[in-house]
Structure formats: C-alpha cells, structure tokens
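Here the structure comes first, spelled out in structure tokens, and everything after it is commentary.
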Amino acid sequence: MSTPCYITTGEGQVRTWLSGEGPVVVAVAGLTTSGSVLSAELSSALPGRCVVVVEPPGMGGSAALDVTSVEQAAQAVAESLGFVSSDPFALIAQDLSAALVPALLSALPSPPTSTVLLGLERAEGWVSTQTTPPDLRPRVDGTHLNALWCFLRDRALLDPHAPSLPSGSGPALPDTASLNEAFLSAAVEPERWAVAWSLCAAGLSAARPASVHIVELVEQVPDALGTPIGAGGRVAPPATQPRPGTAIWNQYVDTRSGRVHLRRAGSRGRPVLVLSTGGGSSAQFAPVICGLAESRTVFAMDYLGNGLSEKVEREVTAGTLAREAVDVLDALGIDEVDVWGSHTGACVGLELGVDFPERVGKLVLEAPVMVTPEFRRELLERYFPDFAPDHFGLHLQHVWHWRRDMFMYWPWYRVDRSAARGIGVPGAQGLHLYAVGILESGTTYSGAYRAGFSYDTRARLPDLKRPAILTAGPHDMLANALEDAASLAPEGMLRILPTPTTMWWPDPEPQAAAETLALYRDFLG
C-alpha cells in the first residue's frame, strides 16, 4: 500500500507516494494518470524496490504549484526529492513528464543509476498530432468536468498518432476506478493542469538525452532498469514543513482510526481545530482557516471517508467522528484545542464538548442540525444520491447540479417556489471547489453527512461541559438552531450569537465576513 506525503519546497508543496523497501526507484507521474495508480503499478512490477512517485506540478497534491516553465517544474520536483537523492536511485518519467528529465538531471545533486522514459512514444504522438486539452476554465454548467473526463479517457482509448482511431496496442485500458483517479488528479486545478500539458508538450522534443531507456509498458520497466544498485531500505519521508504566515499547507497524519488529511495554517497561539460540514473536503473552509490563523495555529481535517482522507468503511456517527478527531489530536501531540465547527462539524464539536471536555477549551458551534424526527427521516431517505463513478463520466453532472441546487432550495430535492433560498448561486470557481470535494470523497461521501442529520442536538446540549457560542448566518438553512437551542444548555455555558454572514460560503459580502470573523476571534480569545 502506498503512503502519501507532502514535501514543502520553495515553489510550494509537492505530493509523493512511497511504497516498498530496497533500492530506490523515483518516478515522476505523467499527466494522464494519478500518482497513486502509478505507484501501485510500479510496486507490483518492481518487488524488492522502494518506489517513490512524485506528482508533477499541475497534478493532484502538487496542483497548487504555479509554474511557468519546464525548468521551474523540474526544480520543484528535484527539491522534493532531497530526502532520497543522496543515495543511488533509478529514475522513471511517464508520458509528458519526460519533458522534465533534462532539467531534472541538471537539478539533482547526483545522476540516477539509470533513466527510463515510460510511454514517451505515446506522448510524442500527442504532440505530433497537436492533441491539446479543451478549454478547462470552470463553467457554471459544470461541463468543463465532462470535457476533462472525455479528454483523459480518449488518451487511453485512441491511437496517439491517429487520434480518430481506437488504438489496438499499448498499455492495458484503465478501469473506471483508475480513470477516476486520473481525473481527480487533473481536476484539482484544471487550468494549471492544462498549462502543465502545454509546457511539457513544448519541451518534449528535448526529452531523449543520451543513455536513457524508452519503454511503453510498465511490464518492460524492470528489464530497462537493469540490476539494482545500492542496498536501499525503507525510505522515511521528512516531516511536512509548514508554509509561512497564514498560507494553507497540507499534511497527512496516521492515526489509530486511519490516515487523515489536514489543511493547516498559522504557527503561533493556541491551536484551533476546524470541523467542516459533511460530504466534501475541508477545502471550502479556507476563509475560516486563514482568518483564524492570523493569531492562532489552525488545522482542519477531512473526515475519514471524505476528501483526501482514507476511505474507511465503518458505522459513522457524530460520536465516531469526535473520537477520530481526538485520534488526530493524539497523533499530533496536542493535549487541548479550541474548536470551530459548522453543521456536521458543530455536532461533532458538541460531542467533543460532552464526551471529551478535557481536550477542549472553547467551542464555536455554527448551525448544528436541529430538525424534527419526521424531517430527519425524510432527509436521510432522500438527500443522498448515488455518485459512483461512471465510465462515461455521467456522474459528474449529477454531482455538479446536486451541489448547485443546494444553494437554490432547502432541501435541494424540493424544487418549489416555497423552498427557494436567498443566498445566490455561486460562480463557477466556487461550485468547482464544492464539486471536487464531493468527487474526492467518492462513494463514502455521505457517511459524515448522514451523521450530522442523524444527530440529536437537543438531547446532547444539556450535557455540554465547555463554554460555547452557537452561531448562524441569516441565510443558513439550519439557522433555526439559534432559537431552538437557547434554553437547552446548562446556564452560563452557551451563548447564542447570530453572525452577519456565513463567511465560508463563496463570495460573502466582505464587511459582513470581516465582522463575522471578528466575532469568532473575540470569543476564542
């Protein structure tokens, strides 16, 4: 099983995937697959080797790197390999990432023992036929996602030298799961992925330096690499380093419950745990993370089963999520935190304040779920469609419009004038962020979401043991909690505090967002 890790470089963060033990093989993933899939394929083909797969700028966990040249991209990759490049290692570059090899060989402190270009001829075919990505600027109808899916699928199906014909040879065709992983890697920042394609395509003509081996299939890689050099072992990645100021940085942490993905910011002050709504990732809470990080150390977790955290199967309740949050604290060596949680996250925060009061200082509970038993049953029955990946990409429009309709109606399936909301439909960029979070969560997206809707906030508030404020913006569909909770908590333990806006929704009014953030800061201290 591959282990993901973020390496912080001068250009930003680069994600790597590590597996196996023995002599080291470094691979730079191509632009039509994912680092996780390539890691699995190479690990299977190279038993007895330590395989380190790097996602290049524009892909997956390296998507946020904003590079403008092949040389700049190669420098980021080389810097990320500082923890292995002092020992003997072999180098593999896949499809268009072969364009990075000349600059990468110059940037590495020592040359690799051997270099293999995997799928170079396919990449050269794409360049010779001027195969380029479609316009991938996010569009309000979400069709840029379908265009990306179709483009990636066609690269696997079609002859690279005659792209109107299906290819009768080449690597095994990807199954739906592998195609979905490639799509998710490219969809994080699709415009940057398209830039990476253009840069690599333009530089590919220089990618045949002397003494390289060129193969088309992963099965041919062992022979091309030859006899391993160096004893190797199990390579331990360095600890992920923070980024300066309030810039968000990513980290994986292994806990008793599973591997959890964190978004972090800030480096001073008492830590704050941000607990998101259910379904997607914590990416949409960047305004809260960065806002609180001006004076605090902040980290937000993707729940297990959501976003980029491990997809574990278990019965999910708010109590489950609270225990898993404590596991994260233990893994980070943090004794006590303040908590900011929204919707499902507010329910989880309340559980922490009831069952783990020794680990919690203060709690911000934004609109915890407080619905009638009848409405709860309806929501649990109707709210959660099946978003299993479809080989033609049909699930993409389903996710996009499901998430879009949430901003128009409450609940989303009640498309009726009486159910219309007054918050406005976000622009294409905002919707893209929300949709990708759900797509990253995949078939386990609904676990934490259902836990929020199933939670009995009224029954738990009387047991609250830590000071808290209960908040909601004026257009929050769960704002009824402001009135319903007023008399439930122990005296002096809970304060009801309406906020001018919901600051993590896309494009809030700036003054209202600033005032809302100030209320959080004043309470947390």
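The values are calculated or read from the model by the stated rules, or taken from the named source; none is laboratory data. The structure presented is a predicted model; accordingly, all values stated were derived computationally and were not measured. Note that we place each Cβ from the backbone using ideal geometry, even for glycine, and neighbour counts take in every protein chain shown. All accessible areas refer to the heavy atoms of the entire protein, side chains included, with ligands and DNA or RNA removed. Shrake-Rupley method; radii C 1.70, N 1.55, O 1.52, S 1.80 Å.
Stretched out straight at 0.36 nm per residue, the stretch from Met493 to Arg417 would grow longer than its current Cα-Cα span by 23.4 nm. Taking the average, over residues, of other Cβ atoms within 10 Å as the packing measure, peptides 174-187, 294-307 rank 294-307, 174-187 from highest down.
With each run of n ≥ 4 DSSP H residues scored as -39500 (n - 2.57), what mean residue ellipticity at 222 nm is computed for the chain after dividing by its residue count and rounding to the nearest 500 deg cm²/dmol?
-10500 deg cm²/dmol
Of the two radii for segment 208-275, the radius of gyration is 1.21 times the Kirkwood radius, both from the alpha carbons; that is the Rg over Rh value. Quick one: angle between helix 394-405 and the longest Cα principal axis of the chain, in degrees between 0 and 90, rounded to 10, please. The helix 394-405 is inclined about 30 degrees to the chain. Size descriptors for segment 54-120 (Cα atoms only): Rg and Dmax, in that order, 11.3, 31 Å. Normalising the average separation of contacting C-alpha pairs (under 8 angstrom, six or more residues apart) by the number of residues puts the relative contact order of segment 1-150 at 21 percent.
Debye-formula intensities of segment 345-394, expressed as log10 I(q)/I(0) at q = 0.15, 0.27, 0.31, 0.33 Å⁻¹, are -0.65, -0.98, -1.09, -1.15 (one equal scatterer per alpha-carbon, no solvent). Computed from the C-beta positions of Val312 and Glu21, the FRET efficiency with R₀ = 22 Å rounds to 0.30. Computed from Cα positions, the angle between helix 510-524 and the longest principal axis of the chain comes to roughly 70 degrees. Calculated FRET efficiency, Gln511 to Ala177, Cβ-Cβ distance, R0 = 60 Å: about 0.85 to the nearest 0.05. Residues whose amide H comes within less than 5 Å of that of Leu275, counting only those at least five positions distant or on another chain, are Trp340, Gly341, Ser342 (H built at 1.01 Å from N in the peptide plane).
Label zone of Arg256 (point 7 Å out along Cα→Cβ, amide N under 18 Å): in segment 331-373 this covers 331-337, 351-360.
Testing the spin-label approximation: label points 7 Å from Cα along Cα→Cβ at Gln241 and Asp330. State their distance in nm. That separation, rounded to one decimal, is 3.1 nm. Expressed as a whole percent, the accessible surface of segment 316-377 that belongs to carbon and sulfur atoms is 50, based on a 1.4 Å probe.
With both labels modelled 7 Å from their Cα along Cα-to-Cβ, the Ala210 to Ser128 distance reads 2.5 nm. All C-alpha pair distances within the chain, sorted into 20 Å bins from zero, spread as 22, 52, 23, 2 percent across the bins. Using 17 Å as the cut-off for backbone N distance, which residues of segment 249-283 belong to the label zone defined by a point 7 Å from the Cα of His475 along Cα→Cβ? Inside the label zone: nothing.
Would you mind telling me the antiparallel percentage of the DSSP bridges in the chain, rounded to 5? Percent antiparallel among DSSP bridges in the chain is about 40.
Report, to the nearest 10°, how far helix 143-157 tilts away from the longest principal axis of the Cα atoms in the chain, using its own Cα long axis and a range of 0 to 90°. Helix 143-157 sits roughly 30 degrees off the main axis of the chain.
Can you give the log10 of the normalised intensity I(q)/I(0) at q = 0.23 Å⁻¹, computed with Debye over equal Cα scatterers of segment 283-370? Debye intensities relative to I(0), on a log10 scale: -1.38. Averaged over residues, the count of other Cβ atoms within 10 Å places the peptides 488-498, 142-152 in the sequence 142-152, 488-498, highest first. Scoring 89-98, 190-199, 363-372 by mean Cβ neighbours within 10 Å over their residues and listing the highest first yields 89-98, 363-372, 190-199.
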